[in-house]
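Notes follow the structure.
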Amino acid sequence: MARLHSLCFALFCLSSRGLAGVIPDSSSLIDSLLEVAGQYIPPLDYVPHPVGVPYTIQNYSVAPWVGSPNTHSSDTTVGVSGNTETCAGLTSGSSKFWYEAIAHNGESSYLDSAYKPNYKVFRNVVTDYGADNTGTRDASAAIQAAIKAGSSNGPDRSSKSMGSTGQPAMVYLPGGTYLMENSIQMYIGTVIVGDPTNPPVLKASSSIPNDHIVYAKDPNFGGTVNFYIGIKNIVIDSTNVAATQKIALLDWTVSQATQLTNVVFKMPQGSTGHTGLTTQYDYNSNVILNDLHFIGGAIGMDLSGQQWVFKNLTFSGTTTGVIAGGTNIVFVGCHFEGGTTGIDASSTSGSLTVIDTTGSNMGTLVSTTDSGTAGNSIILENIQNSGNTASFSGVVQVAGDVPETWVHGDLYNSGDTTVKYVGGQTVHTPRTSALLSGNNYFLMRPPNYEDYSVDQFINIKSVTGLPVYGDGVTDDTQNINSILSQYAGCKIIYFPAGTYIVTDTISVPAGSRIVGDAYASAISAVGGNFYNANAPTTMVKVGNVGDVGVAQINDMLFTVADVLQGCKLVEVNIAGASPGDVGLWNSHFRIGGAAGSKVETNCAGTPDSCKAAWGLLHLTSSSSVYIENMWGWTADHDLDGSHGQTISTGRGLLVEATRGTWLVGTAFEHHTLYQYNFENAANVFSALQQSETPYWQGPGNDLAPAPWTDDLGSSDPDWSNCAATDSLCRMALFERIRGSSNLFLYGGCVWTFFNNNGGCNGDCEQNAIRVQSSRGLYLFGTNTKSVTNIFLDDDLVVATETQNAGGWGAVVAAYLYDT
Ligand SMILES: *[C@@H]1O[C@H](CO)[C@@H](O)[C@H](O)[C@H]1NC(C)=O
Ligand SMILES: *[C@@H]1O[C@H](CO)[C@@H](O)[C@H](O)[C@H]1NC(C)=O
């Protein structure tokens, strides 16, 4: 195993220098921990992340939370109410990808004004940087120049001067072939996007000197703080490189709020040296990789990290599809054809869940070793395969199709609190029709809207008479609402990069489709409308109760510019007529930790002095929504400097929806009362839920529900099951399920790293999941770290970490509740 340069985990890192004093001889300790039983087990000692990425060329005097935000009153009198444009809906048919054609006037809102006007978010590698897209001359230098450029009169993007959020770059590749005589290096904030109608090909030259074609991880920082990086709609091609040469097409040592989608990895058939994707440069905490195609090659993906869901990946003629080094891994809707091994799970320490997946002409679909313990849990469900479906150390356990759920690991039967270790038991999982497309759970790729030409789009910053600034200081509430209302059902709305300050609710009506520039188009709340913790105001309200229609949100970020205990960031009320009509893709939440928010700079004190938001996302009972790739994060450290962050956000995700909810690759972290709350919810499919407690919580600090004790609502847990002074009981639940039915939750995990900001191992928290008055719950692949009890059935302890030891702490392969 390569020696790590830094010790990184979850959401923080330390250089090995910084660690000297804390753990003697840390690197050998780390190496030995990582190699336990040949499995990838993350390092076990932690201290909170001390500092963030410096943001030295920031305009510190821009403070939207001071006084009233700018109002351009003369401009905002032109408000339009109601849908005044008559339209027959969107017209499809396009000759050019709209994103290439539309005006790009995004900005980095908090850059020093000496540089801000000269910083361009959007870069077309051909027209702005002269990249050759005919495949005849080297294009790598031009693409690298496009990636690296900062403001024309300022430092470049490798300079560590613009924080994590101050240097967004949309690097656009028109169709064509780009000869790569060299590799390209990405930095935090980079999104490479190709034309989906004619995906650009990065074609490695036969003499490429490096071991990778694309390096995604910003080399300046640890893997677990590599956020806000994306690649979509491209082909990476190594077929000109000798099939025996050791080369990887992409290294993806990155973490939450990243996106890798619609990428083809084209490798020589029968290659012995080529790997599509590695994560070899550090520890990392990914959430989802989706809609990828691996062709040929020796290995599709060679992974070591914390957790993943892999959705709609296809492997064609790849000898080993995936070396799945990690703790909690889910495959959904994947296809393996013509390889020796589909998934090599011998280094999956916790649970491997494979559902709605096919194999054809494969040697073995899933190959692993059997630990004989709760670790290495395997869950297979709805698999079509013609040969060996699962084998342990070469001994076939399952062959052919797996129509029902096949469970290997610790199982809790309905109504039974005794753990049963099963070597391969079949469980009936009656999926509900609201969630399905055929027999499979409905899945959908993130829309590119490539069927619509640029005249079907509105740039929200370019509407005559309705100026919207997105500049991090101006109150854009009224004109955003006017534009959304006027164009609902008629146009797709593009939010160029920038921070859109709002002082009241933004209403997203039925008929809306919204696209941002990934990770940099932020809606950010300020002001007195968001102060009442007992009657929160919603910042972005998607549809009204009872609406049925379309509402799609892509590549947006939701945040708060001030400490707003009465702000509910997003509420979804609308249902789609069909699955996927209502959805959020690659859209994320951030509370604190970044420039442009008082939460970043003024929350180094106690949690009660920083009740920064009521909660992040509420799916109300009339909603039905498809959510894919979402990180709901209350900052545990600063991304743009080194301010301390002790933030108390009330709630993570509240689901009251009953008509069909899809959660594909979500993470909610560091919220005070709960990360996930299913209250009277029904018909929910989830593939991977990742979570962590607030680092400040635990003995010695506020006991839950403090500091929200006076603000609890009927859907909140009240900790009445805990003694008043029981500090391990009074911590955030990973998940609470009450009055709910037909929940199908695959691959959940909660990692508890700290008590009161200090390292903790063993019993660091009492309860992970509490279930009350529910029926028809199917939880497959639940992983915990340092939590005493995994499941409570009301007050009754059903499963403990001790009884289910394995993985990073404990693993329960199947928990069946009133089924
Ligand atoms: C900072 O922003 C303020 C408000 O927009 C502006 O007036 C000032 O000139 C800026 N200063 C710098 C150094 O960027
Ligand atoms: C799966 O991914 C491929 C490649 O991106 C895409 O063409 C296809 O539409 C996706 N399938 C689904 C069901 O989304």
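The values are calculated or read from the model by the stated rules, or taken from the named source; none is laboratory data. Values in this document were obtained by computation on a predicted structure and should not be read as measured data. Ideal geometry is used to build each Cβ from the backbone, glycine not excepted, and the neighbour counts take in all protein chains shown. Please note that ligands, DNA and RNA were not included when accessible areas were found on the heavy atoms of the full protein model with its side chains. Shrake-Rupley method; radii C 1.70, N 1.55, O 1.52, S 1.80 Å.
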Those residues of the range 406-449 which are under 14 Å from Tyr778 (Cβ atoms) and in a loop (DSSP other than H, G, I, E, B), in sequence order: Asn413, Ser414, His428, Thr429, Pro430, Arg431, Thr432
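Can you tell me which of Ser485, Ser453, Ser512 is open to solvent by 10 Å² or more (accessible area, probe 1.4 Å), among the small types (Gly, Ala, Ser), away from ligand 2 (no atom under 16 Å from the Cβ) and touching a helix residue (DSSP H, G or I) at 6+ places or on another chain (Cβ under 8 Å)?
On the way: Ser485 fails: touching a helix residue (DSSP H, G or I) at 6+ places or on another chain (Cβ under 8 Å); Ser512 fails: open to solvent by 10 Å² or more (accessible area, probe 1.4 Å).
Being open to solvent by 10 Å² or more (accessible area, probe 1.4 Å), among the small types (Gly, Ala, Ser), away from ligand 2 (no atom under 16 Å from the Cβ) and touching a helix residue (DSSP H, G or I) at 6+ places or on another chain (Cβ under 8 Å) holds for just one of Ser485, Ser453, Ser512, which is Ser453.
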Count - residues of the range 260-280 that are open to solvent by less than 10 Å² (accessible area, probe 1.4 Å) and either within 16 Å of ligand 2 (Cβ to nearest atom) or more than 20 Å from Thr319 (Cα to Cα) (or both): 6
Listing of strands (runs of 3 or more DSSP E) fully contained in the range 108-194 that carry 3 or more residues being within 16 Å of ligand 2 (Cβ to nearest atom) and either in contact with a Gly (Cβ under 7 Å, 6 or more places away or on another chain) or acidic (Asp, Glu) (or both): none
Residue within the range 596-608 that is buried (at least 24 other Cβ atoms within 10 Å of the Cβ), over 26 Å from Ala510 (Cα atoms) and touching a Cys at 6+ places or on another chain (Cβ under 7 Å) present: yes
Among the residues listed as Ser740, Ser715, the single one being over 23 Å from the mean Cα position of the chain (by Cα) and crowded, with 24+ Cβ neighbours inside 10 Å: Ser740
Any chance Arg651 is touching a residue at least 24 places away in the same chain (Cβ under 8 Å), crowded, with 24+ Cβ neighbours inside 10 Å and among the basic types (Lys, Arg): yes
Odd one out for Ala139 among (1) in contact with a Phe, Trp or Tyr (Cβ under 6 Å, 6 or more places away or on another chain); (2) over 21 Å from Val241 (Cα atoms); (3) of a type outside the set (Phe, Trp, Tyr): (2)
Residue ranges of strands (runs of 3 or more DSSP E) in the range 450-500 with at least 2 members charged (D, E, K, R) and touching a strand residue (DSSP E or B) at 6+ places or on another chain (Cβ under 9 Å): 471-475
Verdict on Ser727 being among the polar types (S, T, N, Q) and touching a strand residue (DSSP E or B) at 6+ places or on another chain (Cβ under 7 Å): no
Residue match in the range 55-75 (condition: modelled with pLDDT under 50, in contact with a helix residue (DSSP H, G or I) (Cβ under 6 Å, 6 or more places away or on another chain) and open to solvent by less than 60 Å² (accessible area, probe 1.4 Å)): no
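Quick grid of which residues meet (1) within 16 Å of ligand 1 (Cβ to nearest atom); (2) over 18 Å from Asn629 (Cβ atoms); (3) in a loop (DSSP other than H, G, I, E, B); (4) in contact with an Asp or Glu (Cβ under 6 Å, 6 or more places away or on another chain):
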site: Pro196; (1), (2), (3), (4): no, no, yes, yes
site: Ile213; (1), (2), (3), (4): no, yes, no, no
site: Gln256; (1), (2), (3), (4): no, no, yes, no
site: Asn262; (1), (2), (3), (4): no, no, no, yes
site: Pro268; (1), (2), (3), (4): no, yes, yes, no
Criterion (closer than 23 Å to Val332 by Cβ and among the polar types (S, T, N, Q)) met by exactly one of Asn783, Asn789: Asn783
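Enumerate the strands (runs of 3 or more DSSP E) found wholly within the range 635-722, keeping only those where 2 or more residues are hydroxyl-bearing (Ser, Thr, Tyr). Before the answer, list the steps.
Working: elements: 649-655, 661-669, 674-679, 682-692.
Passing ranges, in order: 661-669, 674-679, 682-692.
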Matching residues in the range 362-384 - criterion: being in contact with a Phe, Trp or Tyr (Cβ under 9 Å, 6 or more places away or on another chain) and either hydroxyl-bearing (Ser, Thr, Tyr) or open to solvent by 10 Å² or more (accessible area, probe 1.4 Å) (or both): Met362, Ser367, Thr368, Thr369, Asp370, Gly372, Thr373, Ser377, Asn382
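Which strands (runs of 3 or more DSSP E) does the range 728-791 wholly contain that include 3 or more residues that are hydroxyl-bearing (Ser, Thr, Tyr)?
Where strands (runs of 3 or more DSSP E) fall fully within the range 728-791 and carry at least 3 residues being hydroxyl-bearing (Ser, Thr, Tyr), they are 775-785.
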Unique residue being of a type in the set (D, E, K, R) and within 16 Å of ligand 1 (Cβ to nearest atom) when the list is Asp475, Asp455, Asp451: Asp475
Where Leu249 falls short, out of the listed (1) among the hydrophobic types (A, V, I, L, M, F, W, C); (2) open to solvent by 20 Å² or more (accessible area, probe 1.4 Å); (3) in contact with a Gly (Cβ under 8 Å, 6 or more places away or on another chain); (4) assigned to a strand (DSSP E or B): (2)
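Against the definition (over 25 Å from Lys311 (Cα atoms), polar (S, T, N, Q) and open to solvent by 30 Å² or more (accessible area, probe 1.4 Å)), how does Asn198 come out, yes or no?
So Asn198 does not fit the description; no.
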Number of positions in the range 143-164 that are open to solvent by 40 Å² or more (accessible area, probe 1.4 Å) and hydroxyl-bearing (Ser, Thr, Tyr): 2
Residue count, the range 735-759 (criterion: at positive phi and hydroxyl-bearing (Ser, Thr, Tyr)): 0
Any pair with Cβ under 6 angstrom, 6 or more apart, that starts in the range 291-305 at a residue that is farther than 16 Å from Phe331 by Cβ and ends at one that is within 14 Å of ligand 2 (Cβ to nearest atom) and open to solvent by 10 Å² or more (accessible area, probe 1.4 Å): Ile295/Lys266; Ile295/Ser316
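Of everything in the range 302-346, what is outside any strand (DSSP E or B) and within 15 Å of Ala390 (Cα to Cα)? Give them in sequence order.
Of all residues in the range 302-346, those outside any strand (DSSP E or B) come to 305-306, 317-319, 333-334, 338-340, 345-346.
Hits for the range 302-346 are Gly339, Thr340, Ala345, Ser346.
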Residue among Gly758, Gly776, Gly807 that alone is in contact with a Gly (Cβ under 6 Å, 6 or more places away or on another chain), farther than 30 Å from Ala535 by Cα and open to solvent by less than 30 Å² (accessible area, probe 1.4 Å): Gly807
Evaluation of Ala324 against (1) farther than 21 Å from Ala687 by Cα; (2) open to solvent by less than 20 Å² (accessible area, probe 1.4 Å) (one fails), failing number: (1)
Filter pass, Tyr441 being within 16 Å of ligand 2 (Cβ to nearest atom), crowded, with 18+ Cβ neighbours inside 10 Å and among the aromatic types (Phe, Trp, Tyr): yes
Residue check, Ser597 among the hydroxyl-bearing types (Ser, Thr, Tyr) and without any contact (Cβ under 8 Å) to a residue 12 or more places away in the chain: no
Tally of residues being among the aromatic types (Phe, Trp, Tyr) and without any contact (Cβ under 8 Å) to a residue 24 or more places away in the chain across the range 547-589: 0
Subset of the range 458-472 [within 16 Å of ligand 1 (Cβ to nearest atom) and under 26 Å from the mean Cα position of the chain (by Cα)]: Gly470, Asp471, Gly472
